[in-house]
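Here's the structure, in structure tokens; my notes come after.
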Amino acid sequence: MSGRVDVIGLGPGAEDLRCPRATLALAQATDLVGYVPYVERVVAEGGQRIHASDNREEIMRARLALQLAAEGARVAVVSSGDGGVFGMAAAVFEAMDHGEPGWRDLEVTVHPGVSAVLAAGARLGAPFGNDFCVMSLSDNLKPWSVILNRLECAARGGFAMAFYNPISRARPWQLGEALTLLRRHLPGHVPVIFARAVSRPEEAVAVTTLALARPEQADMRTLVIVGNAETRLIPRSGQDPWIYTPRSVGRERA
Ligand code: SAH
């Protein structure tokens with residue numbers, strides 16, 4: 001078979017935060033498969049056939065990609081950030097696992113991208129300088145009780161946290177409930193950051209505390225960061241403070 005699938009992380013937004021390997025694989029594709037806004041980000045670039053679809057159709061989209069590749073196409077499956085972080089990479093392997101036996105022989109490459117957690121972390125300073133965890137707050141694919149349990153474990157474990165998919169029109173109350181749970185386990189002074197559309201022209205960053213954070217400060221394009229009890233702010237005049245989590249826990253600092 002001459003077809004192949006390239007799973008491509010487009011990065012957080014800014015063109016120069018897209019990895020060169022991802023750019024190369026995109027340029028060589030004959031077909032583009034992805035969620036409409038992500039495909040729109042790259043459409044103008046290469047003259048490929050476009051197969052854009054709705055947000056919730058990941059498995060159908062992954063099956064289509066494998067089918068087209070089996071027919072000989074060079075298919076680029078695009079995600080924002082990194083395809084392996086709440087993106088299309090796992091959907092492609094789920095489709096392969098449960099699909100046509102021949103799909104396992106297709107050439108598949110996953111090209112990493114700069115995920116929102118890394119872009120937002122760099123924008124703020126070093127909030128993930130020590131142990132941290134990453135969660136999606138969407139209960140589309142897992143029960144809300146699982147999310148609450150994982151949040152509690154993360155808080156008890158002293159992890160800094162980054163929340164993808166914090167809120168949407170269909171999921172308006174989950175972030176508020178998550179913050180309420182965290183307030184039971186963490187001090188109110190813990191920094192909370194709403195990092196929206198990082199590296200894009202519409203970028204907006206709001207720094208607050210767990211005691212004061214309000215769910216309305218997030219939207220679908222926001223990564224919500226919750227520090228741990230050691231996370232610190234360095235105030236700066238006229239600019240957002242630097243935010244960092246020290247590398248050491250329970251030791252005298254330099
Ligand atoms: N695969 C992507 C994540 C897709 S899930 C990645 O690795 O980044 C979609 C969620 O990602 C959004 O709800 C938001 O929480 C986050 N996100 C994606 N791009 C972002 C950006 N530029 N700034 C802040 N958050 C972003």
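The values are calculated or read from the model by the stated rules, or taken from the named source; none is laboratory data. Just so it is clear, the model here is predicted, and its values are computed rather than measured. Glycine gets a Cβ as well: all are built from the backbone with ideal geometry, and neighbour counts include every protein chain shown. The protein model used for the area step is the full one, side chains on, heavy atoms only, and it has no ligands, DNA or RNA in it. Shrake-Rupley method; radii C 1.70, N 1.55, O 1.52, S 1.80 Å.
Here are a few things to note about the model shown:
- Residues satisfying the stated conditions in segment 139-153, i.e. surrounded by fewer than 19 Cβ atoms within 10 Å (Cβ to Cβ), within 15 Å of the ligand (Cβ to nearest atom) and modelled with pLDDT of 95 or more: D139, K142
- Test result for D54, of a type in the set (D, E), modelled with pLDDT of 95 or more and open to solvent by 20 Å² or more (accessible area, probe 1.4 Å): no
- Tally of residues being away from the ligand (no atom under 16 Å from the Cβ) and of a type in the set (G, A, S) across segment 1-23: 2
- Of the residues making up segment 127-153, those that are more than 18 Å from the chain's Cα centre (by Cα) and outside any loop (DSSP other than H, G, I, E, B) are W144, S145, V146, L148, N149, E152, C153.
- Number of positions in segment 85-98 that are open to solvent by 30 Å² or more (accessible area, probe 1.4 Å) and under 17 Å from the mean Cα position of the chain (by Cα): 3
- Residues (of a type in the set (A, V, I, L, M, F, W, C) and closer than 30 Å to A65 by Cα) located in segment 121-151: V134, M135, L137, L141
- Of all residues in segment 216-235, at least one satisfies being without any contact (Cβ under 8 Å) to a residue 12 or more places away in the chain and more than 16 Å from the ligand (Cβ to nearest atom).
- Checked against the criterion of being free of Cβ contacts under 8 Å to residues at least 60 places away in the same chain, open to solvent by less than 20 Å² (accessible area, probe 1.4 Å) and more than 16 Å from the ligand (Cβ to nearest atom), the candidates L186, L182 yield just one match: L182.
- Selection count, segment 62-98, where residues are within 16 Å of the ligand (Cβ to nearest atom) and in contact with a helix residue (DSSP H, G or I) (Cβ under 6 Å, 6 or more places away or on another chain): 10
- Residue ID - most open to solvent (accessible area, probe 1.4 Å), chosen from residues in segment 190-239 that are part of a strand (DSSP E or B) and among the polar types (S, T, N, Q): Q239
- Of all residues in segment 99-122 being outside any loop (DSSP other than H, G, I, E, B) and within 9 Å of the ligand (Cβ to nearest atom), the one that is most open to solvent (accessible area, probe 1.4 Å): L118
- Close pairs (8 angstrom Cβ cut-off, 6 or more residues apart or separate chains): on the phi > 0 side of the Ramachandran plot in segment 143-171, among the aromatic types (F, W, Y) anywhere: N165/F86
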